[in-house]
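Here the structure comes first, spelled out in structure tokens, and everything after it is commentary.
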Amino acid sequence: MISIDYAARHLRGVWRLAMSDENWRDELDISTDGVFASFWAVALSAPFAIVGVLAEYRIASASPAFQSSLYARAPISVMAPAEILSSLIAWGLAIAALAFAARRLNATRETAALIIAYNWSQLLAYITVMAPAIIIAITGHAEVSALAFLAVLFFSLFLFWIVVRKNLPIDIGMTIMLIVALSAVSFGVFAVVTNLAVRLFQLFS
């Protein structure tokens, strides 16, 4: 189990990385133990991910097109675990892809920093999901909250961009291709897992 100070220090390091602070590595434990400890970011992200899914469901239910959406075909008790599972799968695939890319680019020395920075940047991105969740909870304005979710998505992509650019020796074009490819994979995983969950629910309900 890691301490709150340990997690906060790594979040601070990722924030410094996002702000182009060249000393961002000073905050991170870039060691074998640090790599394993960074996977605590997955567990710490879970509460924020659940809040995000609940907020998405509330936004979708306020939309005129709700009846034709995936959320109308199964209850939130089915959709939430499916979305969380798809996020976990996508997270794991992203780490595998980044490690593979580092090896192919002869940047194995950067693999530890790459994985550590990616894991903690994901936690930071999930924390920002609280913004649209709070907006929909307090104001009930689905449109404003949806825009906030869009901002969170762009921030998440920005973090991914900066983590890759600072830890892999690739140019802008290759970085864009990598991010687009992994985003497509993530969307594909989401589509497969959620649709499978809906079909299973309809089959056994």
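The values are calculated or read from the model by the stated rules, or taken from the named source; none is laboratory data. Predicted, not measured: the structure shown is a model, and the values here were computed from it. Reconstructed Cβ throughout: ideal geometry from the backbone, glycine too, with neighbour counts over all protein chains shown.
If I filter region 114-129 for residues that are surrounded by fewer than 21 Cβ atoms within 10 Å (Cβ to Cβ) and over 22 Å from Ser186 (Cα atoms), do I get at least one hit? Looking through region 114-129, none of the residues is surrounded by fewer than 21 Cβ atoms within 10 Å (Cβ to Cβ) and over 22 Å from Ser186 (Cα atoms).
The residues of region 128-179 that are in contact with a Pro (Cβ under 6 Å, 6 or more places away or on another chain) and either under 24 Å from Thr111 (Cα atoms) or in contact (Cβ under 8 Å) with a residue 40 or more places away in the chain (or both), listed by number, are Ser145, Phe149.
When the residues of region 130-151 are filtered to those that are β-branched (Val, Ile, Thr) and in a helix (DSSP H, G or I), the one that is surrounded by the fewest Cβ atoms within 10 Å (Cβ to Cβ) is Ile138. Here region 104-122 is the region considered, the condition is being part of a helix (DSSP H, G or I), over 23 Å from the mean Cα position of the chain (by Cα) and not hydroxyl-bearing (Ser, Thr, Tyr), and the residue that is modelled with the lowest pLDDT is Arg109. Name the single residue that is surrounded by the most Cβ atoms within 10 Å (Cβ to Cβ) among those in region 21-44 being without any contact (Cβ under 8 Å) to a residue 60 or more places away in the chain and not hydrophobic (A, V, I, L, M, F, W, C). My answer is Glu27. Just to be sure before I move on: is Asp29 within 24 Å of Ile2 (Cα to Cα) and in contact with a Lys or Arg (Cβ under 9 Å, 6 or more places away or on another chain) in the structure I sent? Here the answer is yes, as Asp29 does meet what is asked. Filtering Val189, Val163 for residues that are closer than 26 Å to Pro81 by Cβ and either outside any helix (DSSP H, G or I) or among the aliphatic types (A, V, I, L, M) (or both) leaves a single hit, Val189. Is at least one residue of region 160-182 of a type in the set (S, T, N, Q) and modelled with pLDDT under 90? There is no residue in region 160-182 that is of a type in the set (S, T, N, Q) and modelled with pLDDT under 90.
Taking the condition surrounded by fewer than 16 Cβ atoms within 10 Å (Cβ to Cβ) and closer than 26 Å to Arg12 by Cβ, does Pro47 pass? Answer is yes for this residue.
Going by the structure shown, is Ile89 in contact (Cβ under 8 Å) with a residue 12 or more places away in the chain and over 23 Å from Ala191 (Cβ atoms)? When the stated conditions are applied, Ile89 does not pass them.
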